[in-house]
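Each remark here refers to the structure printed beneath this line.
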Amino acid sequence: MAHSLQINQSGQSASVGDPGGLNGDLNRGPKDGDLVDLVGLDRSEIGVELEKFGLLPREARMRTRQLWNWVYVNGLTDFEKMSNVSKTARQMFAARFMLRRPEIVSEQVSSDGTRKWLFRFKDPKHPNLPAVDVETVYIPENKRGTLCVSSQVGCTLNCSFCHTGTQMLVRNLTAGEILGQILMARQLLGDFPNGVRPSDGLVPKQDTRAITNVVMMGMGEPLFNFDNVKKALLIASDGEGISLSKRRITLSTSGVVSHIGRAGDEIGVMLAISLHAVNNELRNELVPINKKFPLEELLAACKAYPGLSNARRITFEYVMLKGVNDSDADARELVRLLAKIPAKINLIPFNPWDGSPYECSSWERIETFADIVNRAGYASPVRTPRGRDIFAACGQLKSTSERLSKRAQRALETPQKEIAGKTDEEK
Ligand code: SF4
């Protein structure tokens, strides 16, 4: 049975399993707007911040290492608990810095164990700007767990099968907000030292990491927010911090060809392409960015993806739409197009949403399609729909966000001025 929890935190977000007690820290001393958020800064930027108030470069490097460990390995949000840092330095940190986490507006747990959070980010430097709400989804299995992270609030693209695409772009997320989703999810899943696993849903046992993989497949097009996504993923894969292997991080793009090579060179994570069609005419309709970057250019960029090999394949995502892209001829053309590209093909049963013009292909059709692709030598797992009952499945995120926002606003009695800056759709 799916269940949900509306959490009225009113600025008390870190109280849920918070090892560090974020708000206890923020509610005393200087105002949030005066503090520099260290989450999302790379090591050199933290060093610069430390040197600004008089630390010599060598000490700044040492303090940076300490902070990095406390924040990303131990998950602390309270400087006071950093036991190997002198009292003077702890006070100095608390007076100038903060370690921001999102508020938790709601948490839903699907009958299949999938978990979805609606996180709210407020910009303490701009308290009059409306907060933004972002969905993050955790897809657990027995021995692994994948976190689906958002890169933007809304999306500028209008992929016709995707409900997120019907939400106008509100703004890009900062590197700190992208990392904030990972840190908050780790906190809530008991994935930091001494953390406690939730008793509901499905989470791998304590001796395994709860989050073993991260996919940039939530709301938004990650390559349209390149700099922030790059920074966040480099921090997430830092071996002295969260330490996620780059082979366990996948960046999914609708096909922003201009940035695919840079993603390989500068971030070096695994790549997934939202393909969904095997000719330009249909792809122009399903994934309209294809008009700017047609299939030929997209596939050429994939062939040239840095580090591509049989051990490091590109995943091509293909949503199965009844009578639209699911014929035997489509399957054969897919195989032909991907020849010479080390690839996996991920067949995704369409997850319906209100007002969508599409239906999901029948299971027989999906199996026949998968057989053709398999016989050509491609691994082509059919992605089991997860979290459909809580609208957490692929392509459903916006609808839930809208619905939850309304419920959350009622539950939280959010003042109108807080949502005044949102689009009509979001309201
Ligand atoms: S599939 Fe991705 S890029 Fe396309 S509309 Fe949805 S969120 Fe945006």
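The numbers here are math on the coordinates, done by the rules we state, and not lab data. None of these values were measured; they are calculated from a predicted model. Please note: Cβ atoms are built from the backbone with ideal geometry, for glycine as well, and neighbour counts cover all protein chains shown.
If you take the charge dipole of the range 95-250 about its Cα centre, with +1 on Lys and Arg Cβ and -1 on Asp and Glu Cβ, which of N194, M168, G239 is farthest toward its positive end? Going by the charge dipole, the pick is G239. Output the pairs from K116/K143; K230/K322; K205/K340; K116/K246 with a Cα-Cα distance over 29 Å in this structure; if there are none, say none. Cα-Cα > 29 Å for K230/K322; K205/K340; rest within. Only one residue of L99, Y138, V85 has its Cα farthest out toward the positive end of the dipole of the range 74-165, where Lys and Arg carry +1 and Asp and Glu -1 on Cβ, and that residue is V85. With a simple spin-label model that places each label point 7 Å from the Cα along the Cα-to-Cβ direction, the separation between S309 and R171 comes to 4.2 nm. Each peptide in 271-278, 190-197 receives the mean, over its residues, of other Cβ atoms within 10 Å, and ordering these scores from highest gives 271-278, 190-197.
Dividing the mean sequence gap of close Cα pairs (under 8 Å, 6+ apart) by how many residues the range 281-398 holds gives a relative contact order of 25 percent. Restricting the trypsin sites (Lys or Arg not before Pro) of the range 31-70 to loop positions (DSSP other than H, G, I, E, B) with no more than 15 neighbouring Cβ atoms within 10 Å leaves K31. Sorting the segments 318-327, 285-294 by their mean number of nearby beta carbons within 10 angstrom, highest to lowest, gives 318-327, 285-294.
The label point for K291 and the one for S245, both projected 7 Å from the Cα toward the Cβ, are 4.2 nm apart.
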